[in-house]
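The values are calculated or read from the model by the stated rules, or taken from the named source; none is laboratory data. These numbers were taken from a predicted model, which means no experiment stands behind them. Reconstructed Cβ throughout: ideal geometry from the backbone, glycine too, with neighbour counts over all protein chains shown. Ligands, DNA and RNA are excluded from the accessible area calculation, which covers all protein heavy atoms including side chains. Shrake-Rupley method; radii C 1.70, N 1.55, O 1.52, S 1.80 Å.
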Amino acid sequence: MTADAKSLPRLGYRGGLLTGDIAGRVLIALLLAAAVAVPAANLLAPEGSLLHLSSYTVTLLGKYLCYALLALSVDLIWGYCGILSLGHGAFFALGGYAMGMYLMRQIGTRGVYGDPVLPDFMVFLNWDRLPWYWYGFDQFPVALVAIVLVPAVVAFVFGWLAFRSRVTGVYLSIMSQALTYALMLAFFRNEMGFGGNNGLTDFKDILGFDIQADTTRAALFAASALALAGGYAICRFIVSSKLGRVVTAVRDAEARVRTVGYRVDHYKVWLFTVSAMLAGVAGALYVPQVGIINPGEFSPLNSIEIVVWVAVGGRGTLIGAVVGALAVNYGKTVFTGVWPEGWLFALGALFVVVTVFLPRGIVGLLRRRRGEEAA
Amino acid sequence: MTVLAEVLRRDRVFDFVLPEPDFAGGLDTRHGPILYVEDVTVAFDGFRALDRLSLYVDDGELRCIIGPNGAGKTTMMDVLTGRTRPDSGSVWFGSRIDLRRASETAIARGGIGRKFQTPTVFEHHSVMENLELAMAADKRVWPTLFAHMDSADRDRLAEVLALIGLASLERQPAGALSHGQKQWLEIGMLLMQNPRVLLVDEPVAGMTHQEMEQTGELLQRLAGRHSVIVVEHDMAFVRSIARQVTVLHQGSVLAEGTMDEVQNDPRVVEVYLGE
């Protein structure tokens, strides 16, 4: 950089997206590498060799990556705009259901009742035809659109009502919690047409590929890694734009932003909607990997867990959300293997410890160690 | 019933149905004044915060407004910025724009900037980012997402930085500034919106003597290009910068003139010193 360019205010200078974001570069490089290496270690390395990864591990890692994307979406609104959503699991679940509907329609005559159109649970309920909102879900592009559009519409309507009325802070958190709880109760009802408490499961294939096959699982893992890398890039673009600076200003001094002339409610609705879309994508990638989506995904507890991931990793740093989601979920896998009933206690304790001792999370701690000013 | 009667009155329309005044049409100051406040009354639960207040401010003028507590200074600013609607009277910006019908945001965008008493800058943003956020620009969501500064914007930013004396601190987080520097930054944020009128509420409260002097110089430099209205308690400060002083008392103008004229006015002496 020449001395001349250096004297320019950094704001006007638009370098590459990841200029100065070392953690982001490392993350994206790792994700791209993993998108190749993990499937290779599963498919190419012979079983029993040191390099071999079991299909179970591949799916587990893919699941973690979906969670990391979900955590990113929460960090975007909580860490950067101060909107503490305790209902983000709802958007994850909605994206998951959209994908689940597509997968259900792919089953076709292979279901228990062999109906070419109706999923098993509808036959079981003696329905004679498909509800209108199931139309088109046999087409993958329709499902893709629904995966982002349905969470976006719900988030937009919710956000428009809440933010325009200037609902903030704990009231908004409670409302978002109520939203996901209401959706959970609704999806539990058989009459809703989403399989009631069993949800959607027993999937056979995706885009014509056997959903249980190792190659499909490897491809789903790679897709999750790419989605997380893409999600990170989108979030980074948003938070390093002028809009990013506006929303952090909203987080710090909302009324002042209004006096400067920004329509704060528009910004919040926009960011909330984008965040819900990311969560929807995460849910859609999650469902084919775990093989089921049921109303339990709407449980308020899930949404609170996401917030804990972000808090542990370090809110307000994108990399923190990813690190937190991966670390806590790995911890959960290990912990529940040893003492399943204890997990909720451990999670609660973790949240308290992090809030009290690590207000900036793992990433904040590392940055402080390096003597860096936390962004 | 009275509520219903109020709603069904046919001799007026509701605020939100009124067309917003057209700020884009330009400001007409050919007749001299940039602000016309005429016969404005604002009552809160029967208490008249403003009582038939009339006040004219010329384009480019530096006007100081003083008055004891409760004289209506803050309410007057609220009326000018659209925060409070007058119960009666008229408020014009230039001779074309009716401020009674304009929303707070429209007024802020349209050229009347206000600095509040307590400085509120964005503490976690750098000095430069604070100015960038305040800059006059398309402030809708999508244009903001893709916004970047062109060289004219950067020149403007550098100019304001120099004017408020914070050029060497442009990368500092605003939270690390001293009280006085925060006040200047806030004035700078106002300037980034290219206002025609600056309303400055108690600019030197809590400042050191030296900071006060610098603030006085800054405000005097601003007059001419902008009309500056300063509300201040500190008499020494007002004396040092004032050309025209308006004394408010119980919601209306008690006296108007140069500092000397005003200070020798027996009614002013009475209000300030008691009977």
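Classify the protein assembly as shown as rounded, prolate or oblate, taking a ≥ b ≥ c as the square roots of the eigenvalues of its Cα gyration tensor: rounded when a/c is under 1.5, otherwise prolate if a/b is larger than b/c and oblate if not. Because a/c hits 1.5 or more and a/b exceeds b/c, the protein assembly as shown counts as prolate. Shape class for the range A:117-175, computed from the alpha carbon gyration tensor (a ≥ b ≥ c): prolate, with a/c not under 1.5 and a/b above b/c.
Computed on protein heavy atoms with a 1.4 Å probe, what is the summed buried accessible area for the chain pair A and B, in Å² to the nearest 100?
On the way: alone 18320 and 14480 Å², together 29980 Å².
The buried area between A and B, both sides summed, comes to about 2800 Å².
Each Cα pair under 8 Å and six or more residues apart adds its separation to the average, and for chain A the resulting relative contact order is 30 percent. In the protein assembly as shown, the DSSP-assigned H stretches of four residues or longer account for a calculated mean residue ellipticity at 222 nm of -17000 deg cm²/dmol, using -39500 (n - 2.57) per stretch and the full residue count as denominator. With both residues required to sit in the range B:32-273, DSSP beta bridges show an antiparallel share near 55%. Most fluctuating residue of B:40, B:141, B:197 in a GNM of chain B with Cα springs under 10 Å: which is it? Between B:40, B:141, B:197, it is B:141 that shows the largest mean-square fluctuation. The H on the amide N of residue B:254, modeled in the peptide plane, is under 5 Å from the matching H of B:247, B:248, B:249, each at least 5 residues off or on a different chain. I'd like the orientation of helix A:300-313 relative to chain A: the angle between its Cα long axis and the longest Cα principal axis, in ° from 0 to 90, rounded to 10. Orientation of helix A:300-313: about 40 degrees from the principal axis. The charge dipole of chain B, taken about its Cα centre with unit charges on the Cβ atoms of Lys, Arg (+1), Asp and Glu (-1) only, comes to about 600 debye.
Between the Cα long axis of helix A:242-252 and the first principal axis of chain A there is an angle of about 80°, rounded to the nearest 10. Once C-alpha pairs closer than 8 Å and six or more residues apart are averaged by separation and normalised to the residue number of chain B, the relative contact order reads 25 percent. Quick check on chain B: take the gyration tensor over C-alpha atoms, sort the square-rooted eigenvalues as a ≥ b ≥ c, and tell me if it's rounded (a/c under 1.5), prolate or oblate. It comes out oblate by the Cα gyration axes.
Couplings 3J(HN,Hα) of the range B:83-95, computed from phi: 6, 10, 8, x, 6, 8, x, 9, 10, 10, 10, x, 9 Hz, in residue order, whole Hz [Karplus 6.51 cos²θ - 1.76 cosθ + 1.60, θ = phi - 60°; x for Gly and Pro].
Think of a 1.4 Å ball rolled over the protein heavy atoms: chain A then has 45 Å² of accessible area per residue. Look at the dipole of the range A:18-369 built from charges on Cβ: of A:342, A:358, A:311, the Cα furthest out on the positive end belongs to A:358. Cα centroid separation, the range A:144-183 to the range A:282-342: 20 Å.
Using the Cα coordinates of the range B:168-266, the gyration tensor eigenvalues translate into equivalent-ellipsoid semi-axes of 27, 15, 12 Å, sorted from longest to shortest.
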